[in-house]
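Engineer: Please find one structure pasted underneath; my questions will follow.
The values are calculated or read from the model by the stated rules, or taken from the named source; none is laboratory data. Because the structure is predicted, anything quoted here is derived from the model rather than measured. Cβ coordinates were reconstructed from backbone atoms using ideal geometry, including for glycine residues, and neighbour counts include every protein chain displayed. Ligands, DNA and RNA are stripped out before the accessible areas are found, and what is left, the full protein with its side chains, is counted by its heavy atoms. Shrake-Rupley method; radii C 1.70, N 1.55, O 1.52, S 1.80 Å.
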Amino acid sequence: MSDQVGCSLCGRIRGVDEEPAQTLAWVSTREKNAVRWMCPTCARRHTRDIEGKLPDEYW
């Protein structure tokens, strides 16, 4: 990893010495030709927020 990656929500910086499984847990999105990253914690929280808004019929 030559470029430093930071979470667009909390600002956490992905460390070069992180465990490979943690590095793979980072999520990237592309919005208007800009790449945004979310750390594993924020990605999990964001996913739960989305799931919480789904109608009961979905489950």
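Engineer: Go through the residues of the range 33-53 one by one and say whether even a single one is assigned to a helix (DSSP H, G or I), open to solvent by 70 Å² or more (accessible area, probe 1.4 Å), out of contact with any Phe, Trp or Tyr (no Cβ under 9 Å at 6 or more places or on another chain) and of a type in the set (Asp, Glu).
Structural biologist: So far as the range 33-53 goes, yes, one or more of its residues are assigned to a helix (DSSP H, G or I), open to solvent by 70 Å² or more (accessible area, probe 1.4 Å), out of contact with any Phe, Trp or Tyr (no Cβ under 9 Å at 6 or more places or on another chain) and of a type in the set (Asp, Glu).
Engineer: Give the number of residues within the range 23-32 that are open to solvent by 80 Å² or more (accessible area, probe 1.4 Å) and either closer than 20 Å to residue 3 by Cα or in contact with a Pro (Cβ under 7 Å, 6 or more places away or on another chain) (or both).
Structural biologist: Looking only at that region, the number is 3.
Engineer: Do we find that residue 28 is hydroxyl-bearing (Ser, Thr, Tyr) and in a loop (DSSP other than H, G, I, E, B) in this structure?
Structural biologist: Criteria not met by residue 28.
Engineer: On to the next question. Just the residues that are charged (D, E, K, R) and free of Cβ contacts under 8 Å to residues at least 12 places away in the same chain, please, taken from the range 21-44.
Structural biologist: Correct list: 30, 31, 32, 44.
Engineer: Somewhere in the range 5-20, is a residue without any contact (Cβ under 8 Å) to a residue 24 or more places away in the chain, within 12 Å of the chain's Cα centre (by Cα) and crowded, with 16+ Cβ neighbours inside 10 Å?
Structural biologist: no
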